[in-house]
Every structure is written in C-alpha cells, then in structure tokens.
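Shown next, in structure tokens, is the structure this report addresses.
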Amino acid sequence: MQVSKILEILIALGLFYFLFSTLVSLLFEWYSYKTQKRGRFLYETILKLLNDPVNKSYGASLYSHFSIDQLKKNRDSYPQYISSDMFADALIDIIGSQSETTKFENIFDPKGSTNLVDVKLVEERIEDPYKRFKKGLDQMNYSPLKSYLRAFFEKTENHPDLKKAISKWFDDYMERVSGWYKTKTKRSLLIISFLVCLALNVDSITLIKKLNSDDKYRKDLVLIAEKKALENKINAQKIDSVDITKNIESIKSVITEIEDSSLPIGYNSDFLKSKEEKIGPMLLWWICGIIISAFALSFGAPFWFEVMVKAINIRRAGIKPS
C-alpha cells in the first residue's frame with residue numbers, strides 16, 4: 001500500500017473518529033450535568049484540599065460563602081466550575097473572618113437609663129483584607145493547612161500578591177484534579193462510546209474496508225478534513241455544558257456533508273441482509289468493528305483532531321499524489 005494512501009486513510013479515520021468522539025463528549029457532558037458528576041467530584045476534591053481536622057471544615061465553609069453559593073443552580077446542586085480568583089477571594093475572606101468579633105450593645109433611653117429602646121449589633125473588623133487574613137491565621141491552631149497558608153503570607157507583601165499566590169496554588173491543584181477526573185470517568189466514557197457505536201452502527205472494520213477500496217470516497221473525506229482544518233471550523237477545544245448547543249450546530253453541518261458521501265453507518269436493509277446470509281463470521285467481524293470504534297472514540301475529540309491535523313501536514317509536506 002502506498003504511503004499517500006495510508007495517510008489518506010488516517011486522515012479520513014481521524015475526521016470520522018473526531019466527529020463521533022465529539023458527539024460522545026457532548027452526551028457525556030449532558031450526563032455529567034444531569035447527574036452532577038462533575039460538581040460532586042469538584043466538591044470532594046476541594047474538601048480534600050482544605051481538609052483541616054484540627055480547626056474546622058474550611059471546604060464546607062467555602063461552599064457556604066456567598067460568592068460560591070451564588071454559583072449553585074439550586075440548594076441541592078453543586079457548582080460545575082469555580083475560578084481560581086473566586087476561590088482565592090473566598091478563602092482569604094473565610095480565614096480573615098476568624099479575626100472578627102461581634103457583640104450586642106444595649107441602647108437605653110437617654111431620659112431614663114433603665115429603659116431599653118434598642119439593641120445594636122457592633123462588629124469589630126479590620127478593614128485591610130491582608131492584615132485581617134494575618135490575624136485570622138494567627139487564631140488558627142497549628143495544622144498542615146495553617147502552615148501552608150502561612151507560607152503564602154510570608155512570601156507576599158500585600159493582598160494582590162497573596163491572592164495571586166493562592167490562585168496559582170488552586171490552578172496547580174486543579175490540573176491534577178483534571179487528571180483524576182479523566183481517570184475516574186474513563187469507564188463511563190467508554191460505556192457511552194459503546195452505546196453510540198451500537199446505536200449508529202459505527203463499524204471501524206467496514207469503514208476501513210470502504211476507505212481502502214473506494215478511492216473517490218476516501219479522497220472526498222480527505223478534502224472535507226483539509227477544508228475544515230484550514231477554516232478552523234472544527235477544533236479540539238474542550239467541550240462543556242455551556243457550549244453544547246453551539247457544538248451540536250457545528251457538528252451537524254459536517255455530518256451532513258459526510259452523509260452525502262454515503263458514510264457506512266446506520267442500519268439499513270443491505271446491512272441486515274448481509275448479516276442474515278453470513279450470520280457467523282459477519283457478526284463476529286461486526287462486533288469487533290463496534291468494539292474498536294468504541295475504544296477509539298473514548299480517546300476523545302482533541303486526540304483525533306490532532307491526529308488528523310498531523311496526518312494532513314505530513315501529506316502536504318510530501319509529494320502530492322496524482
């Protein structure tokens with residue numbers, strides 16, 4: 001097989017897997033949104049980050065903070081995302097609030113000192129958030145978390161620097177959390193990939209056979225992939241629940257173009273007839289094709305987009321096939 005033909009098959013497969021893995025990602029995000037899978041996982045990891053059995057549950061306090069509480073859809077839900085700036089502001093405020101004291105002051109009638117006319121709440125609070133954080137930190141019992149937060153304070157000179165240090169700490173932690181989340185959700189992603197392949201009859205073996213035997217069909221898919229990569233209409237950006245509608249619309253247009261090229265997916269009379277004629281070997285190859293597709297889609301849209309773009313660049317760098 002010629003190198004150019006192999007590259008064309010790889011480009012077409014990259015486009016094919018990218019589209020359907022994007023569909024899988026959309027379905028997975030919808031599933032995560034409905035079950036609050038992502039929000040619960042974020043809550044558990046923040047509780048772990050701010051775990052301090054010596055003092056109090058700062059993770060729970062963070063989620064009770066007004067700025068974080070406003071991110072909830074309802075009382076029983078969890079925020080799907082918390083920015084590093086919002087996390088830093090809330091944590092600095094929570095630690096600083098430990099230095100605050102409140103008391104009730106009785107106000108008596110000036111004409112008669114024994115007549116109580118009002119009760120006033122008096123709050124003693126340091127206005128400077130940096131100094132307030134320091135005083136709140138001093139009132140904590142010794143713990144690993146206190147030691148960590150004290151290190152941030154000692155390395156900074158003002159509130160903006162302290163906020164920046166805590167924000168970076170949170171961002172670094174969230175990078176590790178992303179890896180944990182991907183590992184935790186790999187099984188769910190694989191199950192959704194398998195269901196999509198089964199529902200739409202996404203058979204990799206049948207597709208590869210068609211790409212290998214039908215030159216026109218293969219080259220048509222390569223042109224679509226090159227066109228979309230050049231126009232940057234297909235991209236490997238992270239998919240989230242906010243962009244679901246936008247992503248569905250962008251994918252619909254590409255799927256329509258591929259459907260015009262007779263993409264070998266779905267169940268039709270020819271498929272059912274071929275399986276009835278050779279039920280044994282054909283069924284076995286079909287199951288293998290579905291399983292291969294499910295594993296391929298579970299790699300995610302960014303992976304296949306990168307594979308497609310790299311194959312296109314290698315093909316362009318070589319001798320253009322006749």
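The values are calculated or read from the model by the stated rules, or taken from the named source; none is laboratory data. These numbers were taken from a predicted model, which means no experiment stands behind them. Reconstructed Cβ throughout: ideal geometry from the backbone, glycine too, with neighbour counts over all protein chains shown. With ligands, DNA and RNA removed, areas are computed over all heavy atoms of the protein, side chains included. Shrake-Rupley method; radii C 1.70, N 1.55, O 1.52, S 1.80 Å.
Observations, loosely collected:
- Between the residues Phe152, Val202, Trp180, the greatest Cα displacement towards the positive end of the dipole of region 137-230, with unit charges on the Cβ of Lys, Arg, Asp and Glu, is found for Val202.
- Computed over the alpha-carbon pairs of region 1-94, the distance histogram in 5 Å steps reads 3, 11, 16, 16, 11, 9, 7, 7, 6, 6, 4, 3, 1, 0 percent, short to long.
- Where a label projected 7 Å from the Cα of Asp85 along Cα→Cβ would reach, residues of region 168-211 with amide N under 18 Å: 168-172
- Packing-based ranking, highest mean first, of 186-192, 136-142 given that Cβ atoms within 10 Å are counted: 186-192, 136-142
- Region 119-177 - percent of accessible surface contributed by carbon and sulfur, probe 1.4 Å: 49
- Neighbourhood net charge (13 Å Cβ-Cβ; Lys/Arg +1, Asp/Glu -1) for Asp76: +3
- Listed pairs Lys131/Lys168; Lys134/Lys164; Lys168/Lys228; Lys56/Lys164 exceeding 28 Å between Cα atoms: Lys168/Lys228
- Average accessible area per residue (Å²) across region 46-106 - probe 1.4 Å, nucleic acids and ligands excluded: 55
- For region 1-45, the alpha-carbon radius of gyration amounts to 1.88 times the rule-of-thumb value 2.2 N^0.38 Å expected for a compact globular protein.
- Inter-probe distance in nm under a simple model that places probes 7 Å from Cα toward Cβ, at Lys216 and Arg150: 7.8
- Rg of the Cα atoms in region 157-213, relative to 2.2 N^0.38 Å, amounts to 2.14.
- Each of the peptides 158-167, 4-13 was scored by the mean count of other Cβ atoms within 10 Å over its residues; in descending order, highest first, they stand as 4-13, 158-167.
- The calculated P(r) of region 31-74, using every Cα pair and 10 Å bins from 0, goes 27, 50, 21, 2 in percent.
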